[in-house]
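Engineer: Here it is: the structure, laid out below.
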Amino acid sequence: MARLMVAEHDIPPLLQASALTYTRNAETIFGPLDFSLRMGEVVLIEGDNGSGKTTLLKVLCGLLEPSSGQVLLHGVPLTLAKLSHQVALLGHLPGLKMELSTLQNLHFAVGMGGVRSGITPRLALASVGLEGYEDQSLRSMSAGQKKRVALARLLLVPAGLWLLDEPYANLDRSGIELVNRLLDNHARRGGAALITSHGAYAYTSGTPRRIALRTAA
């Protein structure tokens, strides 16, 4: 029996944006943009303050509706109903409950969105350098430690697409290296990531593609 071979170019990108534009109060925030992201790829979104980096990520994860254009996820139009287990957003705010401990926060995340096979909340905390902090209240932690808890939560969710908004913010050198190591591991597992950056710190493995956003005149 002949074996059916599927060429890489026949597999739809994990994420594809076509003629994507977002306008607010008659002002174009970004676009039109055309780009795609394939499994195993990490792409940097670069631009100055006000160029629309955060807005773009919110559009890509369904929190905002684009003014025009289309977003496809695995070749299918993006809908909120499909996103909870396929796309993970890490924004400027950690999205954690300050009154809960680190471990309680991660258990809450597992209850909301499931968990990736082969990892537990305790193992996720250890993976980001927070072993021994399981009972620590988020309210008493530094900004960098809170970011590490948010990264631990990212490790738990089974999403293939990571949207990371300034993931290096509030992190020391070891934290920056941690982010890059997590991205490398995620890409090797077949995941993909879009990262916003002002350019001060950036993903350095290989030569990642860059999408440049310009501040509207």
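The values are calculated or read from the model by the stated rules, or taken from the named source; none is laboratory data. Keep in mind it's a predicted model, so treat the numbers as computed, not measured. Glycine also receives a Cβ, built like all others from the backbone with ideal geometry; neighbour counts cover every protein chain displayed.
Engineer: Pick from the stretch 47-106 the residues that are under 20 Å from PRO121 (Cα atoms) and β-branched (Val, Ile, Thr): which of them is farthest from the chain's Cα centre (by Cα)?
Structural biologist: Filtering the stretch 47-106 for residues under 20 Å from PRO121 (Cα atoms) gives 84-90, 94-106.
If we keep only those that are β-branched (Val, Ile, Thr) too, we end up with 87, 102.
Working: VAL87: 7, THR102: 20 Å.
The extreme case among them is THR102.
Engineer: Mind listing just one residue for me: the one in the stretch 162-214 that is part of a loop (DSSP other than H, G, I, E, B), within 18 Å of ARG148 (Cβ to Cβ) and in contact with a strand residue (DSSP E or B) (Cβ under 8 Å, 6 or more places away or on another chain) and, of those, modelled with the lowest pLDDT? Break it down into steps so the answer makes sense when it comes.
Structural biologist: Our first condition is that a residue be part of a loop (DSSP other than H, G, I, E, B); within the stretch 162-214, this holds for 166-172, 189-191, 198-209, 213-214.
Okay, now just the ones that are also within 18 Å of ARG148 (Cβ to Cβ), so 166-172, 201, 203.
Filter once more, so that each one left must be in contact with a strand residue (DSSP E or B) (Cβ under 8 Å, 6 or more places away or on another chain): 166-168, 203.
Values: GLU166: 90, PRO167: 91, TYR168: 90, TYR203: 70.
Ranking the qualifying residues of the stretch 162-214, first place goes to TYR203.
Engineer: Quick check: is even one residue across the stretch 143-158 surrounded by 19 or more Cβ atoms within 10 Å (Cβ to Cβ), in a strand (DSSP E or B) and in contact with a strand residue (DSSP E or B) (Cβ under 6 Å, 6 or more places away or on another chain)?
Structural biologist: No, there is no match, as no residue in the stretch 143-158 is surrounded by 19 or more Cβ atoms within 10 Å (Cβ to Cβ), in a strand (DSSP E or B) and in contact with a strand residue (DSSP E or B) (Cβ under 6 Å, 6 or more places away or on another chain).
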